[in-house]
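As structure tokens, the structure follows; a few thoughts come after it.
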Amino acid sequence: MKNIVVMISGNGSNLQAIIDATTSGYINGKIVAVISNKASAYGLERAKKANIPTFVFARKQFSDNLAMDSAIAEKIEQLNADLIVLAGYMKILTPEFTQRFTGKIINIHPSLLPKYAGLNTHQRAMDAGDTEHGMTIHFVNEEVDGGAIILQSKVPIYPDDELDDVIQRVYEQEHRCYPLVVEWFCSNRLYLKNGKAYLDEQQLACQGYAFE
Ligand SMILES: Nc1nc2c(c(=O)[nH]1)N[C@@H](CN(C=O)c1ccc(C(=O)N[C@@H](CCC(=O)O)C(=O)O)cc1)CN2
Ligand SMILES: NCC(=O)N[C@@H]1O[C@H](COP(=O)([O-])[O-])[C@@H](O)[C@H]1O
């Protein structure tokens, strides 16, 4: 059974989806810890309710990002983590950290990368007049939002949508897809090789989309 560490900064709805999927046995893995850079993250409450150990590494406790990431990396290695799941973790990880765990870190991003890397993605898509939007799950490397894409799911943007309509429509896909990808990794079907994502020995070519 794989050991999973989930890293959060906020509400933790994706964390909750993964907690529920491990509890139900859908994911053949165990969340051994939830780590946050924000003591106020509601996701920490979600973890405590599920009897999952939590650890906070606040940026102000450290001299710089490298020291912070080094402390987190030490904890992750103590936990013997097989997979690090970024679920709304809102700090850019140092190259030292991403290279230390190459192929073992995944992230979920609320856009159809490479469109709208960074922040505020839903508003940017609406402001651009896009009629489609979505989410991306990818391996993490030193290039923010530039790692090998694993899975994408598309959602429509309708003319009368409010921002929250789009947010909720993307969340629905995130909560559907992230547990799936975590299970792929925990069942040794998903891996990174030469900078490319593979599922069952097939390179994941992301010209298409897994879910329309
Ligand atoms: N090295 C990497 N680190 C991170 C990645 C990645 O792909 N490579 N993904 C991000 C998640 N993310 C978007 O998906 C993201 C998170 C945060 C930021 C950002 O600009 N953060 C600022 C301010 C954060 C704060 O409020 O403290 C910062 O870190 O200075 C951009 C993209 C997770 N990390
Ligand atoms: N750039 C990273 C980023 O914006 N990630 C996004 O943060 C949200 C976290 O929600 P949650 O805390 O409810 O899971 C998710 O929508 C995720 O895609």
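One line per residue, one yes/no per condition, for (1) of a type in the set (S, T, N, Q); (2) within 15 Å of N107 (Cα to Cα); (3) more than 9 Å from ligand 2 (Cβ to nearest atom); (4) touching a helix residue (DSSP H, G or I) at 6+ places or on another chain (Cβ under 8 Å):
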position	(1), (2), (3), (4)
K2	no, no, yes, yes
N14	yes, yes, no, yes
T22	yes, no, yes, no
I35	no, yes, yes, yes
K49	no, no, yes, no
Total residues in segment 164-176, condition open to solvent by less than 70 Å² (accessible area, probe 1.4 Å) and either within 13 Å of ligand 2 (Cβ to nearest atom) or within 20 Å of L199 (Cα to Cα) (or both): 7
Residue identified as on the phi > 0 side of the Ramachandran plot, more than 12 Å from ligand 1 (Cβ to nearest atom) and crowded, with 17+ Cβ neighbours inside 10 Å among G29, G25, G43, G103: G103
Some residue of segment 177-195 being of a type in the set (A, V, I, L, M), open to solvent by 40 Å² or more (accessible area, probe 1.4 Å) and at pLDDT below 95: no
Any hit, segment 83-92, residues being touching a helix residue (DSSP H, G or I) at 6+ places or on another chain (Cβ under 7 Å), open to solvent by less than 20 Å² (accessible area, probe 1.4 Å) and within 10 Å of ligand 1 (Cβ to nearest atom): yes
Residue within segment 60-67 that is surrounded by 14 or more Cβ atoms within 10 Å (Cβ to Cβ) and touching a residue at least 60 places away in the same chain (Cβ under 8 Å) present: no
Within segment 106-142, considering residues that are more than 12 Å from ligand 2 (Cβ to nearest atom), part of a loop (DSSP other than H, G, I, E, B) and open to solvent by 40 Å² or more (accessible area, probe 1.4 Å), the one nearest to L83 (Cα to Cα): N141
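The values are calculated or read from the model by the stated rules, or taken from the named source; none is laboratory data. Worth saying up front: this structure is predicted, and the values here are computed from it rather than measured. Note: ideal-geometry Cβ built from the backbone for every residue, glycine included; neighbour counts use all protein chains shown. Just so you know, the surface numbers come from the protein's heavy atoms only, side chains and all, with ligands and any DNA or RNA stripped out. Shrake-Rupley method; radii C 1.70, N 1.55, O 1.52, S 1.80 Å.
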